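Chemist: Let me begin by handing over the structure; questions about it come next.
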Amino acid sequence: MNNLLIIQARTGSSRLPNKVLKELCGKPMLQHIIERTQKSKKVDCIVVATTVREEDGKIEELCKNINVDCYRGSEDDVLDRYYQAANRYKPVNVIRITADCPFIDPIIIDQIIQVHEDGGYDYTSNTLVETYPDGLDTEVFKFSALKKAWEKADLASEREHVTPYIKFKDDFKRFSVERSPSLAEKRWTVDTDCDFEVVEQVYNALYDKKDIFLMNDILNFLDNNPQIERMNEHIMRNEGYLKSVANDHIVQGGQ
């Protein structure tokens, strides 16, 4: 298998519990994310990686109902969860998507995979330099790089957030996919109630059961409805990761 896409999802968000199962236009948010990634032409298989907590059985049940693979692993060591999920397939590349990104764009996913494959990189993403809206984050990395991170990463932040070891250690060949002009100030992810309100308004306006809307459709809609964007513009990007780094400590790694 060349390209395995893994969506990390759990119900236990501290700021907005059960957000991945909140409904948008009659479907759980996670289902929309899955359906959007299924539009990718370069992804061979999609897996949802959730936790062994009893509450996350609802995520496994959703996956069964829509015929998508699901792996259940560690709640806190998300790097281990990712590695164990990927190791069942041993793909060439892993694509990382998170379940708080209901606008994830399959065109962007395919573009980043293409750049990654053409350049022979260990890691390729649109997050090394933030120029895309928060919520279109797409990371592609070799399975061999994931295995190395799993074996060697020993900081809590590296294991909770999966890719910091690959992003910041010197022994990986990386490439940053960037957009000009930058759209980094736009917040299209879901961590709070006001984030969800923004997303809900966009879905109510643009959702079509037969097709999906893409980044430019959202930009056009928000250009005509600027008051919607202002609802969550006060929230800091990457707040969860920055908090993890501030409280970092050594933990036991994968081996």
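The values are calculated or read from the model by the stated rules, or taken from the named source; none is laboratory data. Being a predicted model, the structure only gives us computed values, none of them experimental. A quick note on method: Cβ atoms are made from the backbone with ideal geometry, for glycine too, and the neighbour counts reach across all protein chains shown. For accessibility, only protein heavy atoms count, side chains too; no ligands or nucleic acids. Shrake-Rupley method; radii C 1.70, N 1.55, O 1.52, S 1.80 Å.
Chemist: Which residue, HIS32, HIS161, HIS116, has the most motion in a Gaussian network model of the chain that connects Cα atoms within less than 10 Å?
Modeler: Comparing HIS32, HIS161, HIS116 in the GNM, the peak value goes to HIS161.
Chemist: Using a probe of 1.4 angstrom, how much of the accessible area of the chain is carbon and sulfur, in percent? All intermediate terms of the calculation are to be shown ahead of the outcome.
Modeler: Values: 5130 of 11590 Å².
Ligands and nucleic acids excluded, carbon and sulfur give 44 percent.
Chemist: Also: For the chain, set up a Gaussian network in which alpha carbons nearer than 10 Å are linked by springs, and say which option among LYS148, LYS64, LYS39 fluctuates the most.
Modeler: So, out of LYS148, LYS64, LYS39, the one fluctuating most is LYS64.
Chemist: Next question, about the same structure. Compute the long axis of helix 193-206 from its Cα atoms, compare it with the longest principal axis of the Cα atoms of the chain, and write down the angle in degrees, 0 to 90, nearest 10.
Modeler: 60 degrees
Chemist: Same structure again: Once you put a point 7 Å from the Cα of ARG15 and another 7 Å from the Cα of SER74, both along the Cβ direction, what distance in nm separates them?
Modeler: For the pair ARG15/SER74, the computed spacing is 2.4 nm.
Chemist: Expressed in nm to one decimal, what extension gain is obtained for the pair LYS90 and GLU61 from 0.36 nm per residue of sequence separation less their Cα-Cα distance?
Modeler: On the way: separation 29, 0.36 × 29 = 10.44 nm, distance 2.46 nm.
Using 0.36 nm per residue and subtracting the Cα-Cα distance, I get 8.0 nm.
Chemist: Moving to a separate point now. Could you check the spin-label model distance between ASP211 and PHE168? Points 7 Å from the Cα along Cα→Cβ, value in nm.
Modeler: Once both label points are built, they end up 4.2 nm from each other.
Chemist: Then there's this: If you restrict to DSSP beta bridges whose two residues both lie in the chain, what percentage is antiparallel, to the nearest 5?
Modeler: Values: 11 of 31 bridges.
So the antiparallel bridges in the chain amount to around 35 percent.
Chemist: Which one is right for this structure if semi-axes √(5λ) of the Cα gyration tensor in Å is calculated from it: (1) 33, 23, 16; (2) 26, 20, 19; (3) 54, 19, 14?
Modeler: Of the labelled values, this structure produces (2).
Chemist: Considering the chain, which cysteines have no disulfide-compatible partner, defined as another cysteine with its Cβ under 4.7 Å away?
Modeler: Unpaired cysteines in the chain: CYS25, CYS45, CYS101, CYS194.
Chemist: Another question, then. Indicate, rounded to the nearest 5 percent, the antiparallel portion of the DSSP beta bridges found entirely in region 1-94.
Modeler: Numbers: 2 of 14 bridges.
Bridges in region 1-94 are about 15 percent antiparallel.
Chemist: Something else now. So with the 1.4 Å probe, I'd like the accessible area per residue for the chain, rounded to whole Å².
Modeler: Values: 11590 Å² over 255 residues.
Using a 1.4 Å probe on heavy atoms only, each residue of the chain averages 45 Å².
Chemist: Ok, one more. Of the beta bridges DSSP finds with both residues in region 117-222, what % are antiparallel, to the nearest 5?
Modeler: Values: 4 of 8 bridges.
Bridges in region 117-222 that DSSP calls antiparallel: roughly 50 percent.
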